[in-house]
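Structure record follows, encoded as structure tokens.
The values are calculated or read from the model by the stated rules, or taken from the named source; none is laboratory data. Remember, it's a predicted structure, so these values are computed and weren't measured experimentally. A quick note on method: Cβ atoms are made from the backbone with ideal geometry, for glycine too, and the neighbour counts reach across all protein chains shown.
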Amino acid sequence: MRTPFSRLPTQPAKTTEAPRSPVDRPSSKKWWMYAGGGIGLVALFFWWSSAGILGEAVEIDQAVDDPVFAHSMGSLLGAWVTGGNRADTLVNGAEFIPVMVDAIRSAKRSVTLESYIWASGAVSDLFIEALADRARNGVKVHVLGDGMGMLKFADDDQRRLLDAGVEFHAYGREHWYEIKPNINHRTHRKLLIIDGLVGFTGGMCIDDQWQGNADAIDLWRDTQIRVEGPVVLQMQAVFATNWMQTTSRLLFGDDYFPTVTRAGNVLALCYMSGPNENPENARVSYLVAIAAAKKSIRIAHAYFIPDDLAIEMLLKARQRGVEIDVIVPAINDSRFGRAAARSRWGALLAAGVRFHLFEGAMYHVKAMVVDDHFVTIGSVNFDNRSFGLNDEVNVNIFDRGVALRHVEIFADDLARSRPLTLAEFRDRGWVIKGLDHFCGLFRSQL
């Protein structure tokens, strides 16, 4: 039996749709607005994440060899200046890798090690074997690596450490699925402390590119500092801070903080810097030393990307008659970073700051010498990432003998560098200038 509904047409009635007018279609203007809005949000984030707590130029009457300068700097950085230290400067992996590995093998009570990059290879094997040996012999061995910096550290090599009894953790990303709320925050610290008595810091990471004597284009030219004395306890405290943040456990007692006797006559301090503790300590330390300079500033840096305030203070130093030399890499591991750095050099070159491009190897040094008396060395780069985003550590040394050793090393690096003149800088092609300017927009993340 048919129902009334069966008489309905089996095909829907055809309808015609009016063509969309141009105003209904997405316009190129809207896409440009979306793109502009996105760029604006990125720019806002970059501005927000830039180091900027200290916003005005620093003026200091005291010279770096004035005890008031050292006392004031230590008080600001939360790391009192300590006496009775010894400091030895080690140049390139051929010198410092064997010394560091031997120091690990000599440990009696504890080894604490923190590194940014750790990549499997021959250098890694040296450290793994030494650390595993100490752990198997009852020494307390604690190791921290950065979650991003260990992407080339094989799981099997990590297992070798764990099986030997080494307490090994990744700061910020223990597993691929563990993401910190601030994924841009990394530990860039490089620390090795033996029994709380001997400490190392500088630019070295655990990677085969630190082998040798900077005698090949794919190897790093780098410097480490080896210290003994009370300043080592400050270095240990820096490590213990990140260890507690990572594991929720405290390092305490004589195994880590022994009674330290005098090892020399060097005045030194070790400070930590990072967004979660003492933010901008690294930036303050550098700018205060620049403000105090009376005669000379020697900057040796893999990544020299000064912010506006740093440029202003370097220009003021030039106005005071301070001679300024900067060694930077002719090549390194980041073309983007080199381009961003170049976008910041024009005013400095015009003011008479001398730039030198290191050739023959990649350049990873992170040091500054002021007035042949003050040295700062450690993990800090002269850029916003170190000044405002990363966890960093540096040792500041107030000693003419140590400073003059660094002046000698600086002179050796100058001999392997070529000058970058203002004329050459200005003669860069318009394409290079445009790329430098574009890359410079991202300098707060470099």
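Could you tell me whether residue 162 is assigned to a helix (DSSP H, G or I), more than 30 Å from residue 412 (Cα to Cα) and modelled with pLDDT of 95 or more? Answer is yes for this residue. The C-beta contact set for the range 359-376 (first residue within 17 Å of residue 68 (Cα to Cα), second residue aromatic (Phe, Trp, Tyr), distance under 8 angstrom, 6+ apart or interchain) comprises 373/398; 374/398. Cβ separations smaller than 7 Å between residues 6+ apart or across chains give the following pairs from the range 64-82 residues that are closer than 16 Å to residue 231 by Cβ to residues that are assigned to a loop (DSSP other than H, G, I, E, B) and modelled with pLDDT of 95 or more: 70/81; 71/81; 74/81; 82/229; 82/230. Residues that are at pLDDT 95 or above and touching a Pro at 6+ places or on another chain (Cβ under 9 Å) occur at least once in the range 119-128.
If you take the residues of the range 291-305 that are touching a helix residue (DSSP H, G or I) at 6+ places or on another chain (Cβ under 7 Å) and outside any strand (DSSP E or B), which of them is surrounded by the fewest Cβ atoms within 10 Å (Cβ to Cβ)? Taking the candidates together, the pick is 291.
Per the listing 285, 273, the residue uniquely surrounded by 18 or more Cβ atoms within 10 Å (Cβ to Cβ) and in a helix (DSSP H, G or I) is 285. When the range 203-215 is examined, which residues are found to be under 30 Å from residue 277 (Cα atoms) and either of a type in the set (A, V, I, L, M) or assigned to a helix (DSSP H, G or I) (or both)? Selection gives 204, 206, 210. Among the residues of the range 411-431, the one identified as in contact with a Phe, Trp or Tyr (Cβ under 8 Å, 6 or more places away or on another chain), at pLDDT 95 or above and either over 13 Å from residue 358 (Cα atoms) or in a helix (DSSP H, G or I) (or both) is 413.
Counted as qualifying within the range 307-393 are the helices (runs of 4 or more DSSP H) with 3 or more residues that are out of contact with any helix residue (DSSP H, G or I) (no Cβ under 7 Å at 6 or more places or on another chain) and modelled with pLDDT of 95 or more, namely 308-319.
Table: residues versus (1) part of a strand (DSSP E or B); (2) farther than 25 Å from residue 150 by Cα; (3) touching a strand residue (DSSP E or B) at 6+ places or on another chain (Cβ under 7 Å).
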| position | (1), (2), (3) |
| --- | --- |
| 192 | yes, no, yes |
| 196 | no, yes, yes |
| 201 | yes, no, yes |
| 217 | no, no, no |
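Of everything in the range 191-209, what is more than 21 Å from residue 251 (Cα to Cα) and surrounded by fewer than 24 Cβ atoms within 10 Å (Cβ to Cβ)? Give them in sequence order. The answer is 205, 207, 208, 209. Got at least one residue in the range 395-410 being touching an Asp or Glu at 6+ places or on another chain (Cβ under 9 Å), buried (at least 20 other Cβ atoms within 10 Å of the Cβ) and part of a strand (DSSP E or B)? Yes.
Quick check, is residue 295 touching a residue at least 24 places away in the same chain (Cβ under 8 Å) and under 21 Å from residue 396 (Cα atoms)? Yes. The residues on offer are 68, 111, 99, 123, and the sole one that is in contact with a strand residue (DSSP E or B) (Cβ under 8 Å, 6 or more places away or on another chain) and surrounded by fewer than 21 Cβ atoms within 10 Å (Cβ to Cβ) is 99. Where helices (runs of 4 or more DSSP H) fall wholly inside the range 50-141, no range has 3 or more residues that are acidic (Asp, Glu), within 16 Å of residue 395 (Cβ to Cβ) and in contact with a helix residue (DSSP H, G or I) (Cβ under 6 Å, 6 or more places away or on another chain). In the condition set (1) surrounded by fewer than 24 Cβ atoms within 10 Å (Cβ to Cβ); (2) touching a strand residue (DSSP E or B) at 6+ places or on another chain (Cβ under 7 Å); (3) of a type in the set (Gly, Ala, Ser); (4) not in a loop (DSSP other than H, G, I, E, B), residue 268 is compliant with all but (1). Here the range 306-326 is the region considered, the condition is being closer than 13 Å to residue 283 by Cα and acidic (Asp, Glu), and the residue that is surrounded by the fewest Cβ atoms within 10 Å (Cβ to Cβ) is 308. Would you call residue 399 touching a helix residue (DSSP H, G or I) at 6+ places or on another chain (Cβ under 6 Å) and in contact (Cβ under 8 Å) with a residue 60 or more places away in the chain? No. Among the residues making up the range 327-345, those that are in contact with a strand residue (DSSP E or B) (Cβ under 6 Å, 6 or more places away or on another chain) and crowded, with 20+ Cβ neighbours inside 10 Å are 327, 328, 329, 341.
Taking (1) in contact (Cβ under 8 Å) with a residue 12 or more places away in the chain; (2) under 28 Å from residue 185 (Cα atoms) in turn, residue 308 satisfies each apart from (1). Filtering the range 57-85 to residues that are within 27 Å of the chain's Cα centre (by Cα), of a type in the set (Asp, Glu) and at pLDDT 95 or above leaves only 65.
Looking across the range 135-148, the residues that are more than 14 Å from residue 163 (Cβ to Cβ) and either touching a strand residue (DSSP E or B) at 6+ places or on another chain (Cβ under 7 Å) or among the β-branched types (Val, Ile, Thr) (or both) come down to 139, 140, 142, 144, 145, 146, 147.
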